[in-house]
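Participant: I have a structure I would like to understand better, so I am pasting it below and will then ask my questions one at a time.
The values are calculated or read from the model by the stated rules, or taken from the named source; none is laboratory data. Bear in mind that the values here come from a model prediction, so they are computed numbers and not experimental data. Cβ coordinates were reconstructed from backbone atoms using ideal geometry, including for glycine residues, and neighbour counts include every protein chain displayed.
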Amino acid sequence: MPWKYTDEFYKEYTRTTWNESAETYPKILRWLEPYGFDLLARLDPKIREKALDIATGPGEPALTIARMVGPEGEVAGIDLSEKMIERAMRAAKERRIPNATFRVMDAEAMTFPDDTFDLAASRFGFQIFTKPESVAKEAHRVLKPRGRIGATVWSTAEKAPALHAIVGPMLEFAEPDETGYLPTPYELGGPGEMVKLLEDAGFHEGKEERRTHRFVWKDQDDYLDSILGGTPLGHSLKEEDPPVQKKILAKTRENLRTWKTRKGIEIPCEAVIVTATK
C-alpha cells in the first residue's frame, strides 16, 4: 500500500494523539512486550554498546536494552510526544536506570552526529511515521559502520485480527480525510515491505520474520477499554458523529464474538520483525 502520510497535519496529529494517550498507554503495554522480546533476541544488544530506541513511547524497549548493555553502555530513547518522554524519564528514575536517557526528537530529522550508535531499535514505530523512508535514512546515518537495526511493525489486516476487529469497522464507517484516505496500522506489514524500506535507505543483509502472539481480554468491554483508552484509536472514534460511533462499536462487538473463548476474548496478532546491517 502506498504511504500517504505526507502532510504536516498528520505529524502534528500523531504528536497530539499520543500525548493524549500517554497516561493510559500502559493499558496495552503488556500486549506489546512479547514482540519487543522477539526483536531484542534478534538484535542481541551487548555489554558496552550504545543503542538508540526510535519512537520509544514510555521508554521501551530502551529501558530493557539499558539493562542488557550494562552500566558501561548507553541508550538514547527518542519520541515525538512530549508526554511519552516524560513518562519514560520517570520510569528510568523509578527503576534506577541511569544509562538510559530520553529526549523529544523528530525521528525524520535526528540531531545525533553521524556514526553514533551500535544498534537501533523501533517497536511499532515505523507504521506511524509521516515519512518512514526518512527515518530509515536517518537511522542509517547515525549508526556506526556494521551497526544493526531492528524493527517491528504490525502485519496485514487479515493476520492482525486483534487490531482489525475495530480498525475494520472504522475503515467501513468512518469519514476519510480530504484526500479520501483513512490511515491504518498495516502500512508496512506486507511481504518484504520493511526490508525494502531499509535496503533503499542503504542497509543490507535485511531479514524478515513473522511472529504471532495471542491477546486475551476478559470480555468485550475490557478489549474496548484497552484499545480505545491506550491508543489514538479512542481519539479517532470520538471525532466521528455519534451515529457513526454507534455503528463502529456495534460492528466491533460483533467481530469480537468470533473470538470468544472460555478465557474471555482471545485473538492472535501477527507482527513483522526485520533486521538489517549498515
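Participant: How many of the residues making up the stretch 84-96 are surrounded by fewer than 19 Cβ atoms within 10 Å (Cβ to Cβ) and touching a residue at least 12 places away in the same chain (Cβ under 8 Å)? Please lay out each step first, then the result.
Facilitator: Here is the first cut: in the stretch 84-96, the ones surrounded by fewer than 19 Cβ atoms within 10 Å (Cβ to Cβ) are 86, 89-91, 93-96.
Checking which are touching a residue at least 12 places away in the same chain (Cβ under 8 Å) leaves us with 86, 89, 91, 95.
Number of matching residues: 4.
Participant: Additional query: With the checklist (1) more than 22 Å from Arg15 (Cβ to Cβ); (2) without any contact (Cβ under 8 Å) to a residue 12 or more places away in the chain in hand, flag the one item Arg146 doesn't pass.
Facilitator: (2)
Participant: Looking at (1) surrounded by fewer than 21 Cβ atoms within 10 Å (Cβ to Cβ); (2) of a type in the set (Phe, Trp, Tyr); (3) assigned to a strand (DSSP E or B), which is the only condition Phe102 fails?
Facilitator: With respect to (1) surrounded by fewer than 21 Cβ atoms within 10 Å (Cβ to Cβ); (2) of a type in the set (Phe, Trp, Tyr); (3) assigned to a strand (DSSP E or B), Phe102 is out only on (1).
Participant: Is it the case, given these coordinates, that Ile227 is in a helix (DSSP H, G or I), among the β-branched types (Val, Ile, Thr) and closer than 22 Å to Met84 by Cβ?
Facilitator: Working: in a helix (DSSP H, G or I): yes; among the β-branched types (Val, Ile, Thr): yes; closer than 22 Å to Met84 by Cβ: yes.
Yes; evaluated as a whole, the condition is true for this residue.
Participant: Continuing with the same structure: Kindly indicate whether any position in the stretch 3-23 is of a type in the set (Ser, Thr, Tyr), free of Cβ contacts under 8 Å to residues at least 60 places away in the same chain and buried (at least 23 other Cβ atoms within 10 Å of the Cβ).
Facilitator: No: the stretch 3-23 contains no residue that is of a type in the set (Ser, Thr, Tyr), free of Cβ contacts under 8 Å to residues at least 60 places away in the same chain and buried (at least 23 other Cβ atoms within 10 Å of the Cβ).
Participant: Only one of (1) surrounded by 13 or more Cβ atoms within 10 Å (Cβ to Cβ); (2) assigned to a helix (DSSP H, G or I) is not met by Lys246, so which one is it?
Facilitator: (1)
Participant: Still on this model: If Gly264 satisfies every condition in (1) of a type in the set (Gly, Ala, Ser); (2) touching a residue at least 60 places away in the same chain (Cβ under 8 Å); (3) at positive phi but one, which is the exception?
Facilitator: (2)
Participant: Continuing with this model, one more query. Assess whether Gly206 counts as being of a type in the set (Gly, Ala, Ser), more than 27 Å from His235 (Cβ to Cβ), in contact (Cβ under 8 Å) with a residue 24 or more places away in the chain and buried (at least 22 other Cβ atoms within 10 Å of the Cβ).
Facilitator: Against the criterion (of a type in the set (Gly, Ala, Ser), more than 27 Å from His235 (Cβ to Cβ), in contact (Cβ under 8 Å) with a residue 24 or more places away in the chain and buried (at least 22 other Cβ atoms within 10 Å of the Cβ)), Gly206 does not qualify.
Participant: Another question, if that's okay. Kindly provide the set of residues from the stretch 150-177 that are in contact with a Phe, Trp or Tyr (Cβ under 6 Å, 6 or more places away or on another chain) and assigned to a loop (DSSP other than H, G, I, E, B), ordered by number.
Facilitator: Passing the criteria: Thr156, Ala160.
Participant: Just give me the residues in the stretch 1-56 being at pLDDT below 95, closer than 15 Å to Gly77 by Cβ and assigned to a loop (DSSP other than H, G, I, E, B), in sequence order.
Facilitator: Within the stretch 1-56, Ala22, Tyr25 qualify.
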